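Written out below as structure tokens is the structure these notes cover.
What follows is calculated from the coordinates using simple rules that are stated; it is not laboratory data. These numbers were taken from a predicted model, which means no experiment stands behind them. Don't worry about glycine lacking a Cβ; one is built from the backbone with ideal geometry, like all the others, and counts go over all protein chains shown.
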């Protein structure tokens, strides 16, 4: 028995609790607020009903007093007196003129009056309080009511009456007001609910459902929300959500492409490293050839092979998502630029090659990484010039010192960088300046220059592209790091 009870209790605890949705909360709040508004209207309505009911009794009593005063001898027949008092629903009528008070008609005058009310000077707060007390007071109470019905100026009418007819009338009026309030509340709540549900709840439900659906498969473009034509805040939210989802989907797609590309590059680098190692062994034998041309070119060939093998080895490092930190040292810039030109076969047909660098100019950088930066920039420039067809062009590399910063500029006389490519110039797969390009060259150059604490930018694009590289000395980097840490 205990096991069964515990099992039932555990099932009840495990059962999901009902959580009212936005629509249910909106409906309940709408009904609550409308009923609250009806209560606020009900209280003064009941107070006004009581006042009018009593004023009608006073007016009827004043008419009865006029009939009594017009009777011979000022006395009415018993039958007529009782008829007038019954119609006025009072037990006695008195008239107060100036300072005198005269009892006109009475019937079964009670010995005790429970409360007196002056309708002439009563405030709204007093009227409301007195009206609410009617529902609480016992039905056998006898009250005195005084007021001016307005038939004769300066004349006050006082009546003594039982409160039971007033209470019965107020209960009937209250029930009718309650029924009408409930009906109005239901209709108003339904209209408000349907309107708000159409304007707010359903669009918010659509946004929520789309967010949940998109989070399940963000790479699926069919799950991107289609913004409506609304011009309000909901429409703005839909448009912003659609824009963010598109950007996220593109980012995820690009990451997937990069992951696939990284795997492919790793496989290629593995095999390429083996091939380059074989080529390096063969190139070592060329050093024994006494030909002057061979003796001049073999060291450059061996250096290029060494650089390519190191690059392949670094690419194969597991989990490497960034370039290796630069191994900086000071070296002359002109020979490095010469190696870049030789590796690209510059000058060549329709592509001129000019180097404006002082032979003694030194740069504080990683030699291999700076070689990759200049090689990428010069290769792009050569390809841009060759895309012009038979038109002759020129690549100019300049270098200079500006204080503790080495400035290198690579300029060409080609067509320049297109507007579309300038918007994402240093982003992989987005900043390609030619058809069929990947945009990786500029992205790699930008990353390598930033690793040196430097800057790379397109500074001129009117008569060809001019890229400027600024690399500060390592001493400047250390001072900057100390300032940031302090």
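At 0.36 nm per residue, minus the direct Cα-Cα distance, what do residue 124 and residue 422 gain on full extension? Give it in nm, one decimal, please.
99.6 nm
Highest mean first, how do 136-146, 327-337 rank when packing is the count of other Cβ atoms within 10 Å averaged over residues? Write out the running numbers ahead of the final one.
Numbers: 136-146: 14.6, 327-337: 16.3.
The packing order, highest mean first, is 327-337, 136-146.
Given an 8 Å cut-off on Cα distances and at least 6 residues of separation, report the relative contact order of segment 332-485 as a percent. Before the final figure, lay out the partial values.
On the way: 284 pairs, mean separation 34.1, N = 154.
Value for segment 332-485: 22 percent.
Label-point separation (nm) for residue 168 and residue 136, each offset 7 Å from Cα along Cα-to-Cβ?
Calculated label separation equals 2.5 nm.
What fraction, in whole percent, of alpha-carbon pairs in segment 332-485 exceed 29 Å separation? List each step's numbers first, then the result.
Details: 1862 of 11781 pairs.
For segment 332-485, the fraction of Cα-Cα distances above 29 Å is 16 percent.
Once the Cβ-Cβ distance between residue 296 and residue 361 is put in as r, and R0 is 22 Å, what FRET efficiency do you end up with, to the nearest 0.05?
Working: r = 23 Å, r/R0 = 1.05.
Efficiency, rounded to the nearest 0.05: 0.45.
Each label point is 7 Å from the Cα along the Cα-to-Cβ direction; what then is the distance between the points at residue 43 and residue 286, in nm?
10.2
Order 83-95, 211-223, 395-407 from most to least packed using the mean count of other Cβ atoms within 10 Å. Walk me through the intermediate numbers first.
On the way: 83-95: 19.5, 211-223: 12.7, 395-407: 17.0.
Ranked by mean Cβ neighbours within 10 Å, highest first: 83-95, 395-407, 211-223.
Run the simple label-point estimate for residue 219 and residue 180 please: 7 Å along Cα→C-beta, distance reported in nm.
Here the modelled spin labels are 6.7 nm apart.
Set the Förster distance to 25 Å, then compute FRET efficiency between residue 194 and residue 36 from the Cβ-Cβ distance, nearest 0.05. Mind showing how you got there, number by number?
Values: r = 20 Å, r/R0 = 0.81.
Step by step, r from the Cβ atoms, then E = 0.80.
For residue 86 and residue 29, what is the calculated FRET efficiency with R₀ set at 56 Å and r taken between the beta-carbons, to the nearest 0.05?
That pair, residue 86 with residue 29, gives E of 0.65.
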